[in-house]
Every structure is written in structure tokens, then in C-alpha cells.
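Working notes for the structure below.
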Amino acid sequence: MSTNQLDTKSTAWSALFSEPTDVMVNRYTSSISFDKRLWKADIAGSLAHAEMLCAQDILSSQDLASIERGLAEIGAEIEAGTFDWKIELEDVHLNIESRLTQLVGDAGKRLHTGRSRNDQVATDLRLWLRDEIDTLSRLLGALQVALVDIAEAHAATVLPGLTHLQVAQPVSFGHHMLAYVEMFSRDAQRLTEVRHRTNRLPLGAAALAGTSYPLDRDRVARKLGMEDVCQNSLDAVSDRDFAIEFTAAASLCMVHVSRLAEELVLWMNQNFGFIELADRYCTGSSIMPQKKNPDVPELARGKTGRVVGHLMGLLMLMKSQPLAYNKDNQEDKEPLFDTVDTLRDTLRVFCELVSAIRVKPDAMERAARRGYATATDLADYLVKKGLPFRDAHEVVAKAVKFAMQRDVDLSELPLASLQSFSAAVGEDVYQVLTLAGSLNARNGLGGTAPAQVLTQVQRHRVRLDSMQSLTAP
Ligand code: ARG
């Protein structure tokens with residue numbers, strides 16, 4: 001192979017080929033347009049590999065020094081935007097290796113000893129994803145903090161709690177926010193678990209069968225901050241389950257975001273009027289001057305479909321692939337990259353948007369009252385006075401019907417009216433008919449009483465503080 005054989009595929013791949021690759025095939029098989037974003041991981045992997053080759057006496061220390069110098073220069077060129085990416089060189093690996101050989105000569109050609117692009121790309125992708133997971137985990141932490149802040153401020157703010165989207169029972173708005181904190185904390189846990197399985201080293205698997213050079217794979221893994229080495233070479237180069245389970249975790253997180261997004265859209269609707277989003281997160285209409293649209297949550301809802309689509313794409317990419325590496329796997333990158341980008345941007349914008357929500361407690365309270373949200377409390381009151389629950393349920397249904405016909409709340413019915421439905425009703429009934437009374441009554445673990453909400457706020461703060469100190473740079 002001549003020194004600049006890798007420079008261009010207008011020459012044939014190797015002596016075996018009698019003609020160059022077709023130009024259209026070059027374009028079809030090239031991944032450089034998207035995989036160049038793996039360059040940092042590619043250089044880190046090459047440095048660790050070269051250092052180990054030298055420690056194992058497979059590479060001279062002069063060659064190692066040349067490789068280190070060349071890769072540093074390449075890194076600087078890429079950062080500066082002066083690196084000349086070539087489509088004929090197919091991917092990030094061949095582009096960097098070719099430039100290295102140009103810069104440092106034969107030492108560059110020795111770097112690929114005991115290595116294949118198959119274990120190289122799997123390593124790059126794992127390294128890259130590991131670092132992206134760390135960014136996403138930090139953002140998930142920040143979003144939880146923003147929600148906990150609202151929960152603390154609104155522990156005693158009454159929201160009509162819904163089932164079937166119909167008013168059910170009053171809940172604390174803070175309690176409602178903390179439900180999302182629970183969801184996002186599980187999403188963060190899932191990402192941490194995926195990180196462990198992602199952070200393993202394929203290098204050393206070579207093309208598929210391992211290599212005859214005496215490599216020290218543990219040393220490379222340590223150098224790259226990886227927790228373990230992949231234990232089967234065929235599996236190491238071919239499976240992409242780490243990308244799939246990451247995308248599954250990301251999909252679930254987006255599904256959680258979409259639930260919150262949907263509620264924000266509803267709450268902003270004039271018929272609810274529970275919140276206002278800051279103007280900077282809304283857009284207007286080109287025709288209707290009165291409009292302020294919640295585009296950001298709507299888009300987040302839409303982008304959830306896009307991420308879940310990537311999950312389906314990756315699952316189908318892997319399905320039925322025979323061992324070991326197949327070129328199909330080059331198609332793993334775009335969905336994975338887009339999943340990371342979409343989730344990262346969504347979490348970023350939601351951290352800001354959530355912190356800027358303006359809550360309108362009066363509107364929430366009015367809606368809770370209009371929906372007879374304390375009807376269950378009246379039934380529970382009657383049970384405590386000795387009625388069987390089913391009878392109490394029926395008594396209250398009649399009282400609600402009566403109040404509806406007069407367009408008043410249960411708490412606005414005179415004592416004599418309430419007593420006409422059950423003699424068990426006494427003066428003290430009005431304590432349970434208030435929204436605050438209803439909330440305070442649900443003071444068991446996990447309940448909506450403001451006291452419970454504040455206890456949970458403290459628990460989350462301790463948890464999030466320790467998480468932040470773990471992930472601080
Ligand atoms: N660009 C390729 C990919 O993303 C790198 C591995 C190619 N290996 C090969 N033998 N063609 O999967």
C-alpha cells in the first residue's frame with residue numbers, strides 16, 4: 001500500500017480490486033457527514049490504544065510520540081474548522097487515520113495494529129454516548145429542581161385533581177408537580193443504569209475474532225474510564241443494545257415530558273386559565289391578533305413521536321442481523337444522535353420554561369369548587385358518622401344534584417338542606433367541605449396534604465443535592 005493509499009478512493013481499495021469504487025457508491029456508503037461528530041472519542045480511543053501498544057512493546061516509543069503529536073494536531077485542526085473531511089474516505093476513522101499518516105508517516109500506519117474499524121466504531125459510539133448521558137443526567141437534575149421549587153411554593157395551592165379529565169378531588173398543585181419529579185427521577189435512574197452497560201470496551205475484539213497481538217485490554221479500558229471490557233469479541237463488534245436501551249430510556253423520558261407538556265397546554269387554555277407561560281416561550285398568530293400559542297410544549301409533544309420512532313428504527317436495524325459486524329450498523333448513528341439532540345434541547349428548554357411558569361391559584365381554586373371536588377370528603381364524613389360507604393355515596397350524589405340545580409357549591413348549601421339528605425349531618429360538616437380541609441385530611445405517606453408535600457420536597461432536595469455533587473465537573 002502506498003503512503004497515500006487512504007487519501008482517496010478514486011484509487012481502488014486495495015490490490016485486490018481492479019477498479020475504484022463507483023462515485024455513487026462512495027456517497028451511499030459514506031458516513032462522514034454525520035459520524036464526524038465522533039471525532040473526540042475517536043482520538044481518545046486511538047491515544048489509549050497506541051499507549052497500550054507501546055506499553056506492550058508492539059509499538060516503539062518514538063512512534064507513540066509521533067502518533068500523539070499527530071493526533072493533537074488533528075484535534076486542533078478539527079476544533080479550528082480547518083480539517084479537510086473527505087467523503088471518499090468514508091468515515092471519521094479513515095479520515096483521521098489518513099491525515100495522521102500524512103502528518104507523521106509510517107507511525108500513523110502502525111496505529112491500526114491489532115484494531116479494526118469494527119471495534120473502533122463500537123468504542124467511539126460508547127464513549128460518545130457515555131459523555132452525552134452525563135449531560136442529560138445533569139439536565140434531568142436541573143428540571144427536577146425547577147419542579148421542586150414550584151412544589152414548595154405551591155404546597156397549599158389547590159388544583160382540581162382529575163380522573164378521566166373530569167374534576168375528581170382537590171389536590172395540592174405542589175403534589176401534582178412532584179408527580180413529575182418522581183417520573184423524571186426514575187428516568188435519571190434508567191440513564192445511570194444504561195451508562196454502566198454502555199461504558200464497556202469493545203477494543204481488542206478487532207474485526208470479530210479478537211487479535212493475535214498481546215493486547216492489554218484492561219489497560220485501555222482504565223485509560224478511557226470504562227468500567228469493564230466486553231467479554232466476547234463477536235458480541236463486542238456487533239450488538240448495539242446499549243444504543244437501543246438508551247433510546248428506550250430517552251423515549252420514556254420524552255413520554256413523561258409530553259404528559260407535562262399536554263397539561264401546560266391545557267392549563268394555558270382560556271377555559272382553564274390555571275397558568276401563564278412566559279411570553280418568550282410562546283408565539284403569536286399571523287392572522288389572529290389575540291393569540292398566544294404554547295408552541296414549545298406542543299413541539300415537545302410532537303418531538304416525542306420522533307424519538308419513539310428512532311427507538312423503533314434501531315430495534316429494526318438490529319433485528320435478524322447475523323453475527324458479527326454488518327454494515328447495517330452504520331445506520332445506528334443518525335437516530336442515536338438525533339435522540340440525544342432532541343432530548344437535550346427539550347430538557348434544556350423545559351428547565352427554563354418550567355421555572356418561568358406563572359401559577360394562578362385563584363383560577364385553580366374556582367375550578368375545584370365548580371367541580372364538586374369535595375364530594376368524596378362529604379361521603380367520608382358520613383361514614384365516620386356511621387353510614388355504610390355505599391349509602392353515603394348515594395346521599396352525596398343526591399346532594400350534588402341538588403346543588404348543581406341551584407348552581408352552588410356543596411359548602412354553600414344551608415345546613416338544613418344538607419340535613420334533608422341525611423340526618424347524620426351536623427354543624428361540623430363545613431370543615432370537610434372546604435378545599436383546604438379536604439387537602440389536609442389526606443395526610444398519609446404519598447398523600448396530597450401540604451404537610452406531606454413539604455416533607456417530600458425536603459426528601460427530593462437532599463437526593464438532588466447529593467446527585468449534583470456526584471455529577472459536578
Ligand atoms: N463507518 C462504519 C460504521 O459506522 C465503521 C465500521 C466499518 N467497518 C467495516 N468493516 N466496513 O459502522
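The values are calculated or read from the model by the stated rules, or taken from the named source; none is laboratory data. Predicted model only: the values in this text are computed from it and were never measured. Cβ coordinates were reconstructed from backbone atoms using ideal geometry, including for glycine residues, and neighbour counts include every protein chain displayed. With ligands, DNA and RNA removed, areas are computed over all heavy atoms of the protein, side chains included. Shrake-Rupley method; radii C 1.70, N 1.55, O 1.52, S 1.80 Å.
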On the basis of being small (G, A, S), open to solvent by 10 Å² or more (accessible area, probe 1.4 Å) and closer than 30 Å to H176 by Cα, does A209 make the cut? no
Of all residues in the stretch 251-275, count the ones that are open to solvent by less than 20 Å² (accessible area, probe 1.4 Å) and of a type in the set (K, R). 0
So, in the stretch 310-325, of the ones that are in a helix (DSSP H, G or I) and over 11 Å from M254 (Cβ atoms), which residue ends up least open to solvent (accessible area, probe 1.4 Å)? L314
Against the conditions (1) in contact (Cβ under 8 Å) with a residue 60 or more places away in the chain; (2) within 22 Å of the chain's Cα centre (by Cα), where does V255 fall short? Just the number, please. (1)
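Out of G437, G446, which single residue is small (G, A, S), at pLDDT below 95, surrounded by fewer than 17 Cβ atoms within 10 Å (Cβ to Cβ) and out of contact with any Leu (no Cβ under 6 Å at 6 or more places or on another chain)?
G437
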For the list (1) under 42 Å from the mean Cα position of the chain (by Cα); (2) without any contact (Cβ under 8 Å) to a residue 60 or more places away in the chain, I need the number of the one condition that V395 fails. (1)
Exactly one of E88, E73, E68, E97 is open to solvent by less than 30 Å² (accessible area, probe 1.4 Å), farther than 30 Å from Q458 by Cα and either touching a Leu at 6+ places or on another chain (Cβ under 7 Å) or within 16 Å of the ligand (Cβ to nearest atom) (or both), and that residue is E97
Condition first: part of a loop (DSSP other than H, G, I, E, B) and within 16 Å of F173 (Cα to Cα). Now tell me which residues in the stretch 261-275 satisfy that. F272, G273, F274
Does F246 meet the test of being farther than 29 Å from G174 by Cβ and within 16 Å of the ligand (Cβ to nearest atom)? no
Answer yes if at least one residue in the stretch 332-341 is under 22 Å from D131 (Cα atoms), surrounded by fewer than 16 Cβ atoms within 10 Å (Cβ to Cβ) and within 16 Å of the ligand (Cβ to nearest atom), and no otherwise. yes
Is one or more of the residues making up the stretch 51-64 open to solvent by less than 10 Å² (accessible area, probe 1.4 Å) and touching a residue at least 60 places away in the same chain (Cβ under 8 Å)? yes
Condition (residue is open to solvent by less than 20 Å² (accessible area, probe 1.4 Å), at pLDDT below 95 and within 42 Å of the chain's Cα centre (by Cα)) applied to the stretch 357-371: is it met by at least one residue? yes
Boolean, V158 is under 30 Å from A363 (Cβ atoms), hydrophobic (A, V, I, L, M, F, W, C), touching a residue at least 24 places away in the same chain (Cβ under 8 Å) and open to solvent by less than 70 Å² (accessible area, probe 1.4 Å): yes
Positions within the stretch 116-167 being within 16 Å of the ligand (Cβ to nearest atom) and either under 16 Å from R37 (Cβ atoms) or among the small types (G, A, S) (or both), in sequence order: S116, Q120, V121, A122, T123, D124, L125, R126, L127, W128, L129
Residues (surrounded by 23 or more Cβ atoms within 10 Å (Cβ to Cβ) and either within 16 Å of V220 (Cβ to Cβ) or modelled with pLDDT under 95 (or both)) located in the stretch 101-113: L111
Which of the residues belonging to the stretch 192-211 are out of contact with any strand residue (DSSP E or B) (no Cβ under 9 Å at 6 or more places or on another chain), touching a residue at least 60 places away in the same chain (Cβ under 8 Å) and away from the ligand (no atom under 16 Å from the Cβ)? V194, R195, T198
Complete set of residues in the stretch 217-257 that are touching a strand residue (DSSP E or B) at 6+ places or on another chain (Cβ under 7 Å) and among the small types (G, A, S): A221
Can you tell me which of V121, V145 is more than 23 Å from the chain's Cα centre (by Cα), closer than 26 Å to T247 by Cα, of a type in the set (V, I, T) and modelled with pLDDT of 95 or more? V121
Anything in the stretch 276-307 that is crowded, with 20+ Cβ neighbours inside 10 Å and not in a helix (DSSP H, G or I)? List them, or say none. L277, P294
Give the stretch 1-43 a look and list any residue that's within 30 Å of L64 (Cβ to Cβ), at pLDDT 80 or above and assigned to a loop (DSSP other than H, G, I, E, B), or say none. W13, S14, A15, S31
Looking only at residues in the stretch 44-92 that are hydroxyl-bearing (S, T, Y) and assigned to a helix (DSSP H, G or I), which one is farthest from R27 (Cα to Cα)? S61
